[in-house]
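Data first, discussion second: the structure below is written as structure tokens.
The values are calculated or read from the model by the stated rules, or taken from the named source; none is laboratory data. Fair warning: this is a prediction, and the values are worked out from it, not measured in the lab. With ideal geometry, Cβ positions are generated from the backbone for all residues, glycine too; neighbour counts draw on all protein chains shown.
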């Protein structure tokens with residue numbers, strides 16, 4: 001469901017409409033970056049093209065974040081799979097001499 005939200009950005013009140021799923025993801029992203037939701041929205045607003053609206057900028061940010069996380073997860077899985085293929089054999093520690 002699309003809901004209307006309000007935020008104060010640089011001292012000015014603004015509103016935007018977002019689907020609940022995008023709103024939930026924005027909150028998750030803000031928490032993972034240790035930012036308040038208002039700070040994240042302000043950051044996105046500051047970097048959006050002047051001819052775009054805030055709702056679209058927020059959705060595109062969430063999409064970009066999700067794609068980056070998927071790529072990182074895929075890359076980590078590839079590294080893990082390749083590490084398991086390395087011909088590394090466990091070695092026994094040399095005998096320890098304790099004084």
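Side notes on the structure shown:
- Residues that are more than 16 Å from residue 10 (Cα to Cα) and surrounded by 12 or more Cβ atoms within 10 Å (Cβ to Cβ), drawn from segment 54-75: 55, 56, 57, 58, 59, 60, 61, 62, 63, 65, 66, 69
- Taken over segment 38-48, the criterion of being free of Cβ contacts under 8 Å to residues at least 24 places away in the same chain and over 12 Å from residue 61 (Cβ atoms) is satisfied by 39 alone.
- If the condition is being touching a strand residue (DSSP E or B) at 6+ places or on another chain (Cβ under 8 Å), loosely packed, with under 12 Cβ neighbours inside 10 Å, outside any helix (DSSP H, G or I) and at pLDDT 95 or above, then segment 2-52 contributes 3, 4.
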